[in-house]
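These notes are about the structure you will find just below.
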Amino acid sequence: MTNRYSTWLLTALLAAPATTHAQAKLNVIAATQDLASIAAEVGGDRITIDSIAKGYQDPHFVEAKPSFILKLQKADVLIVVGRELEIGWLPPLIQQSRNGKIQQGAEGYLDASIGAQILEVPTGQVTRAEGDVHPLGNPHYWLDPENGKRIAKEIGDKFSQLRPGDRAYFDQRVTDFTSRLDAAEKRWLAMMAPYKGTKMVSYHRSFPNFAERFGLNIVGYVEPRPGIPPTPQHTLDLINLMKQQNVKLVLVEPYFDMKTPNAIGRDTGAQVLVVPPSVGGTKEVTDYFKLFDYDIALVVNAIKQSGAKQP
Ligand SMILES: [Zn+2]
């Protein structure tokens, strides 16, 4: 027994240098849990992954914490949503990390929006006038699985650039993720098909990509402009619009005050539905696939219950 154990130990010790010789895992930090979920799909066991903003937080307004700087200090790669989604909180953290690898424009900095389809891009002058938090188009683009595939490809390319020896591994994982997402998307489209064109309103403009992909018609918003809290006049106008158009659903992101949506619901008879726009937005939504599973089941059930008139 002792002898066999010694042999095993010797083998293990001899094998050890081979493992230490292998490149260390890429330390990847994602700005949001959505990007972290996709990065984990692509990176597999060649990366470690962590995120900064949690899915139950408003990604435009995240409270900066010292622990975020610590995460960034050790990162090899930082993946951001971009389109100025994180402009209110992330740039100072990146700067304070003093990590040259992940500064904007550095090799380890990846803006996940570069290959994505971006909706609501302003055609006029780019401005944050009146506090509009979507000056470079709608930054909630991950809510379309087609964009999920594009994000995965960008992440795979970035990982391969930093770890050329693992390119085949990352490529294979992107292909695998894409085919699983294709299959899931077919299922989601079939679930939503009977409700094509159903009118609804949402609190913030989080769901245009989702609505476009799955055939929903978002006719108004509780916020007068993205990032601007509801005003009495705007709420009144929205209520009138909903009554005119027989809108029976209000989607609310989990981090907004329910007072105005509930008042709108009472006045119009619409159902008020809390819909997470992100992985981590509620405890069941633990990855990118479950985000669509959850939201689509929620919306389909609500449409059925509300008797929302189909066009
Ligand atoms: Zn937004």
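Please build a GNM for the chain, connecting alpha carbons under 10 Å apart, and tell me which residue among ALA193, ALA112, ALA40 fluctuates the most.
ALA193
Starting with the fewest neighbours, write out SER179, SER306 ranked by other beta-carbon atoms found within 10 Å of each beta-carbon.
Ascending Cβ contact count within 10 Å gives the list SER179, SER306.
How far is helix 2-21 tilted, in degrees, relative to the longest principal axis of the Cα atoms in the chain, given as a value from 0 to 90 rounded to the nearest 10?
Taking the Cα atoms of the chain, the angle to 2-21 is about 60 degrees.
Under a crude label model (7 Å from the Cα following the beta-carbon direction), how far is GLU120 from LYS196 in nanometres?
Computed distance between label sites GLU120 and LYS196 equals 2.4 nm.
Take each of the peptides 132-138, 63-69, average the number of other beta-carbon atoms within 10 Å over its residues, and list them starting from the highest.
Averaged packing, sorted descending, gives the order 132-138, 63-69.
With r defined as the distance between the Cβ atoms of ASN262 and ALA106 and R0 fixed at 51 Å, what FRET efficiency is calculated, to the nearest 0.05?
Calculated value: 0.65.
Taking 7 Å along the Cα-to-C-beta vector as the label spot, tell me the ASN301-LYS54 distance in nanometres, rounded to one decimal.
2.3
What is the distance in Å between the Cα centroid of segment 171-213 and that of segment 237-276?
22
For each pair in LYS259/LYS304; LYS71/LYS158; LYS243/LYS290, compute the distance between the two Cα atoms and list the pairs where it is over 29 Å.
LYS243/LYS290
Across all directions of projection, what mean area in square nanometres is found for the Cα convex hull of segment 196-306?
For the Cα atoms of segment 196-306, the hull's average projected area reads 6.5 nm².
Every number in this text was worked out from the coordinates using simple rules, so none of it is lab data. Only a predicted model underlies this, so the values are computations on that prediction, with no experimental measurement involved. A quick note on method: Cβ atoms are made from the backbone with ideal geometry, for glycine too, and the neighbour counts reach across all protein chains shown.
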